[in-house]
Amino acid sequence: MSFKHIFNQLNWNEIKESIYAKTASDVERALMHPVRSLEDFKALISPAAAPYLEQMAALSQRLTQKRFGKTIQMYLPMYLSNECQNICTYCGFSLDNPTPRTTLTPEQILKEVEVIKSYGYDHVLLVTGEANKTVGVEYFKEVLQLIRPYFSHISMEVQPLDRQEYEQLIPLGLNTVLVYQETYHHEDYKKHHPKGKKSNFTYRLETPDRLGKAGVHKIGLGVLIGLEDWRTDSFFTALHLQYLERTYWQTKYSISFPRLRPFSGGLTPKVDMNDRELVQLICAYRIFNEEVELSLSTRESQHFRNNVVRLGITSISAGSKTDPGGYASGQQALEQFEISDERSPAEIVQMIRNQGYDAIWKDWDNVLG
Amino acid sequence: MTPLTIADKTFNSRLFTGTGKFSSGQQMEEALLASGSELVTVALKRVDVQNEQDDILSHLGHPQFNLLPNTSGVRNAKEAVFAAQLAREALETNWLKLEIHPDPKYLLPDPIETLKAAEELVKLGFVVLPYIHADPVLCKRLEEVGVAAVMPLGSPIGSNNGLQTRAFLEIIIQQSKVPVVVDAGIGAPSHAAEAMELGADAVLVNTAIAVSQQPVQMAKAFKMAVEAGRMAYEAKLAPVGVTAHASSPLTAFLDEL
């Protein structure tokens with residue numbers, strides 16, 4: 001049984017209504033419980049929890065420090081390609097976006113690696129669009145073999161693959177795969193992904209199952225905040241997380257919170273999530289799950305990032321370029337989305353230290369798989 | 001307080017410490033110095049062994065600190081042996097805290113893989129200190145394969161819940177022929193004192209020191225608690241009776257006959 005079977009038993013609108021029906025006493029119970037259920041999570045992300053934000057933040061901070069200490073992991077995305085066969089209404093890589101396309105050669109990748117290493121990074125996230133013919137599993141194999149000597153931990157955020165393909169990549173150094181569902185709203189998903197392999201909602205929904213079966217070390221989950229009601233989407237993410245933790249118990253999990261950002265040819269978010277609500281969501285995840293890693297990208301503003309590192313976040317990127325070859329060339333023309341916090345890695349590390357935290361560059365080793 | 005000997009080393013401090021979760025390398029160093037600890041565990045996955053300026057290792061260069069590399073992150077015996085060999089080569093010590101936790105959520109140790117790895121590592125010349133459940137039978141099995149000490153958990157790692165496994169720790173301590181180091185779950189100096197009063201040979205503390213508001217002061221508090229607990233154990237605690245001892249015993253009249 002995959003997550004699809006659990007998902008198919010639920011109704012989006014009923015879940016949404018139950019979240020919005022939560023009351024102050026539901027929130028108070030959720031905060032009091034030593035172990036929180038999915039119903040508690042609903043209360044924590046509900047509008048009824050808004051007046052409890054300070055309490056949630058204090059609890060989230062305490063739980064995060066207990067599990068992770070006063071540390072923040074550093075990682076950096078490396079965009080390998082912006083070729084893409086999908087149409088996604090919100091993405092700069094979308095097939096219908098008349099932007100120049102490129103895929104990095106081994107020489108170009110090594111130039112990127114040189115710059116990324118000079119910043120001090122040891123954990124790297126490889127990112128591509130979805131172009132299976134040119135940027136498929138064979139390309140990924142070459143890239144992993146090329147860069148493995150330079151990094152302790154390699155993550156990928158690329159198109160969903162088959163289980164057998166993941167099984168080929170893991171021995172070559174693939175540690176983590178991030179695969180965001182974008183939205184769990186089945187019909188809206190179709191509207192946002194009208195063309196390309198990505199339009200197959202179910203194949204994407206079952207990707208974490210394939211990753212779990214393949215034995216990947218860590219799986220990253222999330223939705224693209226802005227496509228649909230964020231509270232309902234986040235509930236489904238939490239449900240997915242709980243299912244995966246119980247099924248693939250040897251795998252680690254992380255959650256990310258990408259909010260829709262402007263890009264060339266962009267979509268106006270259907271749902272606007274303000275900063276207070278994002279803090280509420282971060283704290284709700286932490287209170288619901290003390291062990292899950294929570295990640296924040298450079299999509300968020302300087303002011304916001306400065307303050308949330310103390311509230312539950314455990315990993316952060318800095319100095320990101322979202323265009324292939326952007327680190328070595330300094331180009332900004334081919335980017336996937338605009339970044340908001342443009343500070344350098346050194347500046348972010350100083351900010352983390354100023355908050356009384358330690359920036360961690362290495363927390364994995366090639367020897368561990 | 002009597003010194004503690006494990007394998008070929010003697011320790012005057014019975015407080016072992018960890019290096020994770022501190023807000024800076026400098027703070028870690030100050031806290032570890034304040035703790036008086038002479039055995040400091042360091043995660044292989046966290047250190048860059050090629051880099052002399054590594055943020056953790058560069059703060060552990062004091063002569064009193066003996067490094068105890070740990071295999072945190074490995075999921076089976078094969079990975080543990082590989083990691084141990086790398087640690088021995090890189091850090092020039094054959095001491096090893098064997099940690100195998102395929103469960104990344106609660107970091108609970110795998111008893112089967114741990115026993116397999118311990119047996120092989122002992123044969124390879126390692127001084128093996130395995131992190132395990134408070135399982136008395138497993139402790140005896142590990143003792144038989146030649147580990148230098150056993151490190152049963154007091155409660156889940158990082159939980160600060162104290163000695164939730166007390167009943168099993170008592171059995172382990174009672175029947176162990178190798179030193180018993182209570183590891184994981186010790187969240188307050190009183191928990192450490194309790195473990196030492198029980199007769200544990202040492203305790204390992206990390207989170208409770210690193211995450212406190214004042215790690216240096218907390219490290220000192222743990223130092224004192226461990227010393228107090230051990231002194232109390234050596235002084236032999238007064239017995240705890242289940243019945244009251246009346247000042248005028250009820251059977252005293254028998255002596256009058």
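Read-outs throughout are calculated quantities, based only on the coordinates presented, and are distinct from any laboratory measurement. Just so you know, these numbers come straight off a predicted model, no measurement behind them. We place every Cβ from the backbone using ideal geometry, glycine too, and count neighbours over all the protein chains shown.
Take every pair of alpha-carbon atoms less than 8 Å apart whose residues are at least six positions apart; their mean separation over the length of the stretch B:118-195 yields a relative contact order of 31 percent. Note on chain A: semi-axes of the ellipsoid equivalent to its C-alpha gyration tensor, largest first and rounded to whole Å, are 30, 24, 20.
Calculated [222 nm] ellipticity per residue, helices only, for chain B: -11000 deg cm²/dmol; basis is -39500 (n - 2.57) per DSSP H run with n ≥ 4, divided by all residues, nearest 500. For the residues A:Ser118, A:Ser81, A:Ser18, a GNM of chain A with alpha-carbon springs under 10 Å puts the largest fluctuation on A:Ser118. Once the Cα-Cα distance is subtracted from the 0.36 nm per residue extended length, the A:Asp275 to A:Leu146 segment shows a gain of 42.5 nm. What the Cβ-Cβ distance of A:His303 and B:Gln26 gives, at R0 = 30 Å and to the nearest 0.05, is a FRET efficiency of 0.60. Neighbour counting of Cβ atoms within 10 Å sorts the residues A:Cys88, B:Cys139, fewest neighbours leading, into A:Cys88, B:Cys139.
Nearest 0.05, what FRET efficiency do A:Gln164 and B:Asp103 give at R0 = 25 Å with Cβ-Cβ as r? Once the sixth-power term is evaluated, E becomes 0.45. Dipole of chain A computed with +1 at Lys/Arg Cβ and -1 at Asp/Glu Cβ about the Cα centre; of A:Leu241, A:Gly173, A:Ile147, farthest Cα towards the positive end is A:Leu241. Charged side chains reduced to their Cβ positions (Lys and Arg at +1, Asp and Glu at -1) give the stretch A:50-360 a dipole of some 480 debye around its Cα centre.
Amide H to amide H, with H built 1.01 Å from N, B:Leu68 comes under 5 Å of B:Val40, B:Thr41, B:Val42, counting only residues 5 or more places away or on other chains.
Charged side chains reduced to their Cβ positions (Lys and Arg at +1, Asp and Glu at -1) give the protein assembly as shown a dipole of some 540 debye around its Cα centre. Ranking B:Ile171, B:Pro156, B:Ala252 by how far each Cα lies toward the positive end of the dipole of chain B (charges on Cβ) leaves B:Pro156 at the top. Residues of the stretch A:62-93 with backbone nitrogen within less than 16 Å of a virtual label 7 Å along the Cα-to-Cβ line of A:Thr105, please, listed as ranges. A:81, by backbone N distance to the label point. What separates the Cα centres of the stretch B:1-69 and the stretch B:100-118 is a distance of 23 Å. Distance from the C-alpha centroid of the stretch A:1-73 to that of the stretch A:170-235: 21 Å, rounded to the whole angstrom.
Close amide H pairs (under 5 Å, H built 1.01 Å from N) link B:Lys21 with no residue at least 5 positions away or on another chain. Note on B:Val137 and A:Trp249: with the Förster distance fixed at 30 Å, the Cβ-Cβ geometry gives a FRET efficiency of about 0.80. Label sites at B:Val240 and B:Gln85, each approximated as a point 7 angstrom past Cα along Cα to Cβ, lie 4.8 nm apart. Note on A:Ser18 and B:Leu250: the model spin-label points, each 7 Å out from Cα along the C-beta direction, lie 5.9 nm apart. Spin-label pair B:Val122-A:Thr89: with each label point 7 Å from Cα along the Cα-Cβ axis, the two points sit 6.5 nm from one another. Counting only cysteine Cβ atoms and a cutoff under 4.7 Å, chain A contains unmatched residues A:Cys84, A:Cys283. Note on the stretch B:4-238: dipole from Cβ charges, positive end direction compared against B:Gln50, B:Ala90, B:Val145; the farthest Cα belongs to B:Val145. Assuming charge only on the beta carbon of Lys and Arg (+1) and of Asp and Glu (-1), the dipole of the stretch B:4-238 about its Cα centre is about 360 debye to the nearest 20. Go through the stretch A:240-247 residue by residue and turn each phi into a ³J(HN,Hα) via Karplus (6.51, -1.76, 1.60, θ = phi - 60°); whole Hz please, and just put x for glycine and proline. Calculated HN-Hα couplings, in order: 4, 4, 4, 4, 5, 4, 7, 8 Hz. Here the relative contact order of chain A, from alpha carbon pairs under 8 Å that lie six or more residues apart, stands at 25 percent. Per residue, the convex hull spanned by the Cα atoms of the protein assembly as shown measures out at 178 cubic angstrom. Residue by residue, the stretch A:211-223 carries 3J(HN,Hα) couplings of 5, x, 5, 6, x, 5, 5, 9, 10, x, 10, x, 10 Hz when phi is fed to the Karplus relation 6.51 cos²θ - 1.76 cosθ + 1.60 (θ = phi - 60°); x denotes Gly or Pro.
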